[in-house]
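The structure under discussion appears below in the form of C-alpha cells.
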Amino acid sequence: MLNFDFYNPTRILFGQGRIADLDKVVPSAARVLILYGGGSVKSNGVLDEVRAALGVRDVQEFAGIEPNPSFETLMQAVELVRRDKCDFLLAVGGGSVIDGTKFVAAAVNFDGDPWAILEKRGSNITSALPFGSVLTLPATGSEMNSGGVVTRKSLQVKAPFMSRLVFPQFSILDPSKTFTLPVRQVGNGVVDAFVHVMEQYLTYPANAPVQDRFAEGILTTLIEEGPKALAAPHDYDVRANIMWCATLALNGLIGAGVPQDWATHMIGHELTALYGLDHAQTLAIVLPSMLRIRKESKRAKLLQYAARVWDLRDGDDDARIDAAIAKTQAFFEQMGVKTRLSGYSLGSEHIDTVLKQLESHRMVTLGERRDVTLEVSRQVLELSL
C-alpha cells in the first residue's frame with residue numbers, strides 16, 4: 001500500500017426525515033442562499049421542506065444550475081452572494097448542484113478572475129464560504145468530497161477542481177427523496193458510482209486488500225440493487241443502499257493509498273463538453289473499450305475483478321477477462337445507459353475533435369501508469385463506435 005493521508009470532515013445525516021435537522025446544523029444567524037437546478041425540488045416538495053426547516057433565517061434562492069454546471073451561470077450566483085452578503089450556502093439537488101455550490105463558495109472571495117480556480121484545478125483556493133447539501137440524486141459522491149467539475153460553455157471546456165476548503169460541512173441524505181427520479185437519472189447515477197469505483201480499484205495490485213474489498217463490495221451492491229431501483233422505484237431499502245454506495249464510491253476511502261486511473265473520466269469530460277452527453281453516458285461508452293484496449297496492463301486486477309465481482313473463476317484467463325468486461329457493459333445497458341457512440345448519434349468523424357480537445361487540455365498521458373497517450377485514446381474511441 002502506498003503512503004497516504006485520509007481527511008474527510010463532512011458530517012453525514014442519513015435517513016428519512018433528516019431535512020428537519022437543518023435547523024440544528026445551519027447557524028441560526030446565517031444569511032442562507034439555497035442553490036438548486038431545475039424545478040423538480042419545487043414540484044416534489046423538497047424545497048418547501050428545506051425552507052420550513054430553516055425557519056426564520058434570512059433565506060434566498062438561486063435556481064437554474066445545469067446538469068453540467070456552467071461557469072457562466074455560477075458567476076451569476078457569485079454576484080448574488082456578494083451583493084446580498086450571504087454567508088452560508090445550501091446546495092439542494094444532485095452532484096452538479098453541489099459541484100456548482102463548491103465553486104461559488106470558493107469564488108465569492110477569490111482574489112482575481114474566478115476562472116483561474118479552474119485553470120489551476122483548485123490549487124489556488126485560499127478560502128471558501130461554509131456550505132452544506134441536501135442530496136436528491138445519488139451519483140457523483142460530491143456530497144462527501146472536496147472536488148467538483150464546472151463547464152465553461154463559451155470555451156467548450158469541462159474542468160475539474162479540488163480543495164480541502166470545499167468539503168461540505170454536512171450533507172443530508174434522505175433516500176425517500178429519490179423516489180420520483182426519472183429512470184434515466186437512476187440509471188446514470190448507478191453507472192456513475194460504478195465507474196468511480198472502477199477508476200480507483202481496477203489499476204494494478206498495491207497490497208491494499210481492505211480498499212479492494214471495500215471497492216468490490218460497492219460494485220457488487222450496485223450490480224444487485226441497481227436493477228431493483230428500476231423495477232421498484234419506491235423501495236426505500238434499495239434506494240438507501242444505492243445512495244450510500246454512491247457516497248462511499250468517491251469520498252476518498254477506497255482510493256486511499258492506491259493508484260488511480262481516471263482516464264475514462266478525462267475522455268468522458270470532453271464528450272460532454274463537446275456534444276452535451278450526460279456524464280454517466282460518456283463513462284458507459286468509454287470504460288468497456290478502455291478496459292479492452294488496456295487489458296495487458298490491467299491484467300492482474302481484471303482477473304481479480306472477474307473472480308470477485310462477477311464470480312468468473314474457471315477457464316482461460318483471457319476468456320474470463322473478456323467475459324467480465326462484457327458483463328460490465330451489459331450491466332450498463334441493463335441500467336438503460338447506452339454504451340456506444342453510435343447510440344448518441346456520434347461517429348468516427350467526431351473522434352479527431354475529441355482528441356484535439358484532449359491535446360489542448362494537456363490530457364496526453366493519462367491513467368495510473370501515464371501510458372494512455374492520444375493514440376491509445378484514439379483506439380478506445382474507435383472501439384467505442
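When you go through Lys177, Lys153 one by one, which is the residue that is crowded, with 24+ Cβ neighbours inside 10 Å and under 20 Å from the mean Cα position of the chain (by Cα)?
Lys177
Quick one: Ala30 ticks every box in (1) in contact with a helix residue (DSSP H, G or I) (Cβ under 6 Å, 6 or more places away or on another chain); (2) modelled with pLDDT of 95 or more bar one, so which box is it?
Every listed condition holds for Ala30 apart from (1).
Just to be sure I understand, how many residues within the range 22-51 are among the basic types (Lys, Arg), surrounded by fewer than 12 Cβ atoms within 10 Å (Cβ to Cβ) and under 26 Å from the mean Cα position of the chain (by Cα)?
0
Just to be sure I understand, how many residues within the range 295-321 are small (Gly, Ala, Ser) and buried (at least 19 other Cβ atoms within 10 Å of the Cβ)? Outline the logic, then answer.
Taking the range 295-321 and keeping what is small (Gly, Ala, Ser), we get 297, 300, 306-307, 315, 319.
Of the ones still in play, those that are also buried (at least 19 other Cβ atoms within 10 Å of the Cβ) are 306.
Matching residues across the range 295-321 total 1.
Quick one: count up the residues across the range 335-360 that are surrounded by fewer than 19 Cβ atoms within 10 Å (Cβ to Cβ) and within 20 Å of the chain's Cα centre (by Cα).
Going through the range 335-360 one residue at a time, the tally reaches 2.
Pull up the range 1-19, narrow it to residues that are surrounded by 14 or more Cβ atoms within 10 Å (Cβ to Cβ) and among the aliphatic types (A, V, I, L, M), then point me to the one that is nearest to Val46 (Cα to Cα).
Ile19
Filter the range 125-139 for residues that are among the small types (Gly, Ala, Ser) and over 14 Å from the mean Cα position of the chain (by Cα); which is nearest to Pro67 (Cα to Cα)?
Ser133
Could you identify the single residue in Arg299, Arg294 that is without any contact (Cβ under 8 Å) to a residue 40 or more places away in the chain, among the basic types (Lys, Arg) and not assigned by TED's automatic domain parsing to the domain that holds Glu66?
Every option except Arg299 fails the conditions.
Can you pull out every residue in the range 199-245 that is over 23 Å from Arg308 (Cβ atoms), crowded, with 20+ Cβ neighbours inside 10 Å and either among the charged types (D, E, K, R) or not assigned by TED's automatic domain parsing to the domain that holds Leu283 (or both)?
Arg239
Residues in the range 66-82: is at least one without any contact (Cβ under 8 Å) to a residue 60 or more places away in the chain and on the phi > 0 side of the Ramachandran plot?
no
If I filter the range 14-21 for residues that are within 21 Å of the chain's Cα centre (by Cα), aliphatic (A, V, I, L, M), modelled with pLDDT of 95 or more and within 18 Å of Gly94 (Cβ to Cβ), do I get at least one hit?
Checked against the condition, which is being within 21 Å of the chain's Cα centre (by Cα), aliphatic (A, V, I, L, M), modelled with pLDDT of 95 or more and within 18 Å of Gly94 (Cβ to Cβ), the range 14-21 yields no hits at all.
The values are calculated or read from the model by the stated rules, or taken from the named source; none is laboratory data. In this text the structure is predicted, and so the values were computed from the model without any measurement. Cβ sites come from the backbone with ideal geometry, for glycine too, and all protein chains shown count toward neighbours.
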